[in-house]
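The values are calculated or read from the model by the stated rules, or taken from the named source; none is laboratory data. Please read these numbers as outputs of a predicted model, since none were measured by experiment. Because the Cβ atoms are built from the backbone with ideal geometry, glycine has one as well, and the counts that use them run over all protein chains shown.
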Amino acid sequence: MEQVSSFTKVAAAACDWPQVEGACERHGPSVALLHPRSGKTEWYCGDCAVEAQAAAADAKWKRERMQTLDMGSYLPERYLNKHFTATTPEQKRVVLTVRAFRDAIAAGDQWAVLLLIGKTGTGKTLLACQLAQMMIDKMGKSVRYCTANQMIAEIQAAYGSEGKTEEGELRRFAKYDLLVLDEVDAIRDSDNAKLLLTEVINRRYNAHRPVVAVSNQAHEKLPKFVGDRVYSRLQENALVCVHDWADQRTISCS
C-alpha cells in the first residue's frame, strides 16, 4: 500500500482550514489559511510573515556570529569597551590615522599595515583593541589579537600534537580578516621564531589581509627585532602612528 507523505497530509488538511482574503500595502491581495493551532482568527499577509521569520533568523545568526567573533578574538578583557582619550594635537592626529586605516580596509580586501609605535603606557594596545572591537561589532570581521610570542607559541605547540600541524596553524593565523600583533619587537631571538613570524606576514601579504603591529621600539630599530623581510612588508602601504608622549595609562581608559 502506497504511503502518504506528511507533506501530502498537511496539504490535504490545509484544504479544510478557514480561508480569509485580504490585501497588503506592500504585497497586494492574497488568501490567508488560518491554521487551527496558529491562534490567528483574521487575515494576515503570508509574504510579510515569511519576511519577518527571515529577519528574525538573520538577526539570530548575526548575534551568534558576533558571539563567536568576540570569543575568537582574544581581546584582553581590560580593554573591552574602553576608548582612547585624545587630548593633544598629537593624540588626535593618531586617532585620525587609525580611522583612515579602518576606512581603507573596510573598503575591501587589501594588504595594509598600521604601525603603533611608542613607549609603554601611551595607549598603543588600547587603540589597537578599540579598532579590533569596532571591526567585529560594526563590520562583522574576524579579528585575532595576540602578542607575537603568543602566536609563535601557538604554532609551535602543534609540533607533535595530535590533530594539529604547523601548516594548519599558519593557515589559521593567515585567514583572519585582521591580525593584531602586539609586542611584535619582543619575539624570542631564535631562527624558528623569526621564520614563523615571516611566514605568517608573507601569507597575509599574499592574501591581501591587513595587519596591526604594536611595538615599543623606535621605527628605525624594528628591523633588528623582526628581521629585514618582515620589516620590508610592514613598510608597504603602511600608516605609522608614533606615540611620542608621556605615559598616559592612568587617563587613557574612560
If Gly160 meets every condition in (1) more than 21 Å from Tyr205 (Cβ to Cβ); (2) buried (at least 19 other Cβ atoms within 10 Å of the Cβ) apart from one, which number is that one? (2)
Filtered residues of the stretch 118-133 (kept if in a helix (DSSP H, G or I) and in contact with a helix residue (DSSP H, G or I) (Cβ under 7 Å, 6 or more places away or on another chain)): Thr125, Leu126, Leu127, Cys129, Leu131, Ala132
In this structure, does Ala59 turn out to be modelled with pLDDT under 90 and either closer than 30 Å to Val240 by Cβ or within 22 Å of the chain's Cα centre (by Cα) (or both)? yes
Out of the residues in the stretch 78-114 meeting the condition of being modelled with pLDDT of 90 or more and acidic (Asp, Glu), tell me which one is nearest to Lys141 (Cα to Cα). Asp103
Within the stretch 145-254, which strands (runs of 3 or more DSSP E) (wholly inside it) include 2 or more residues that are touching a residue at least 60 places away in the same chain (Cβ under 8 Å) and under 22 Å from the mean Cα position of the chain (by Cα)? 211-215, 238-243
